[in-house]
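Remarks on the structure that follows.
The values are calculated or read from the model by the stated rules, or taken from the named source; none is laboratory data. In this text the structure is predicted, and so the values were computed from the model without any measurement. Glycine also receives a Cβ, built like all others from the backbone with ideal geometry; neighbour counts cover every protein chain displayed.
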Amino acid sequence: MNYWLIKSEGNCYSIDNLKKEKKTSWEGVRNYQARNFMRDSMKIGDLTLFYHSNTKPIGVYGIAKVVSAPHADLTAFNAKDKHFDLKSTKEKPIWECVDFAFVEKFAHTVTLEDIKHDHKLEGILVAKKGSRLSVQPVSKAHFERIVGLSKD
C-alpha cells in the first residue's frame, strides 16, 4: 500500500463534501507530476491524507482512499469548465485522475504548523517551503504520525 496527501481548497471541495458525497473523481489537477502520481503510482486501496489549503486553519482534515483505476479527467473535455484543455481529447486524454472515497474526518485538524513543528514529520513534502503540489506521496511513518496527532 502507498500513502498520499491530496490538497483541496476548503471552500472549493472539503472533507465535508466528500463525506456527504461518499465518493468523487479528483478532477481538475493540471500539474503533470501530480497527474503522473495518480495515473502511474496510485493503486486502489491506497490511503490519502485530505489536506485543506487556503483556509483556516490550513492542515489535514481527514482520510480518503483510492477506489478506482486511473481514468480520463472529463473536465478537460468540457469547454465551459475552467479546467478545459483544447489539446486533450477522448481518444488521447492528457489529464487523468482517480476516484476517492471518504474514510474519516479527523476529530482534530492536524495543522500545517503542527506538521512543521513535529520532528517526527521532518522531510514531509507538504511542510517544505514552496511546496504547492496538489498530489504528493507520504511515507507510512508520516501518515501514521499525522493520524495519531489527529486523535490527541
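Within the bounds of region 78-96, is there any residue that is crowded, with 16+ Cβ neighbours inside 10 Å, in contact (Cβ under 8 Å) with a residue 40 or more places away in the chain and in contact with a strand residue (DSSP E or B) (Cβ under 9 Å, 6 or more places away or on another chain)?
yes
Under 7 Å between Cβ atoms, at least 6 apart or on separate chains: pull out the pairs that start in region 50-67 with a residue that is closer than 14 Å to residue 137 by Cα and end on any residue that is buried (at least 22 other Cβ atoms within 10 Å of the Cβ) and of a type in the set (Gly, Ala, Ser).
Between residues of region 50-67 that are closer than 14 Å to residue 137 by Cα and residues that are buried (at least 22 other Cβ atoms within 10 Å of the Cβ) and of a type in the set (Gly, Ala, Ser), the close pairs are 50/62; 50/64; 51/59.
What number goes with the only condition from (1) within 16 Å of the chain's Cα centre (by Cα); (2) within 25 Å of residue 19 (Cα to Cα); (3) surrounded by 15 or more Cβ atoms within 10 Å (Cβ to Cβ) that residue 127 does not pass?
(2)
If we scan region 70-87, do we find a residue that is in a loop (DSSP other than H, G, I, E, B) and at pLDDT 95 or above? Quick ask: steps written out before the conclusion?
Of region 70-87, the ones in a loop (DSSP other than H, G, I, E, B) are 70, 73, 78-87.
So of that shortlist, the ones also at pLDDT 95 or above come out as 70, 73.
The answer is yes, given that some residue of region 70-87 is in a loop (DSSP other than H, G, I, E, B) and at pLDDT 95 or above.
Examine region 109-118 for a residue that is surrounded by 15 or more Cβ atoms within 10 Å (Cβ to Cβ) and under 18 Å from residue 40 (Cβ atoms), and state whether such a residue exists.
No - not one qualifying residue is present in region 109-118.
Of the residues that make up region 10-31, is at least one within 23 Å of residue 141 (Cβ to Cβ), at pLDDT 95 or above and among the basic types (Lys, Arg)?
No: region 10-31 contains no residue that is within 23 Å of residue 141 (Cβ to Cβ), at pLDDT 95 or above and among the basic types (Lys, Arg).
Quick one: would you say residue 21 is surrounded by fewer than 19 Cβ atoms within 10 Å (Cβ to Cβ), of a type in the set (Asp, Glu) and more than 13 Å from the chain's Cα centre (by Cα)?
For residue 21, the condition - surrounded by fewer than 19 Cβ atoms within 10 Å (Cβ to Cβ), of a type in the set (Asp, Glu) and more than 13 Å from the chain's Cα centre (by Cα) - is met.
List pairs: first residue in region 1-27 and more than 21 Å from residue 96 (Cα to Cα), second residue surrounded by 13 or more Cβ atoms within 10 Å (Cβ to Cβ) and of a type in the set (Lys, Arg) anywhere in the structure, Cβ distance under 6 angstrom, at least six positions apart or on different chains.
Hits for this filter: 15/105; 19/105.
State all residues of region 36-68 that are closer than 21 Å to residue 83 by Cβ and out of contact with any strand residue (DSSP E or B) (no Cβ under 6 Å at 6 or more places or on another chain); if no residue qualifies, say none.
36, 40, 55, 66
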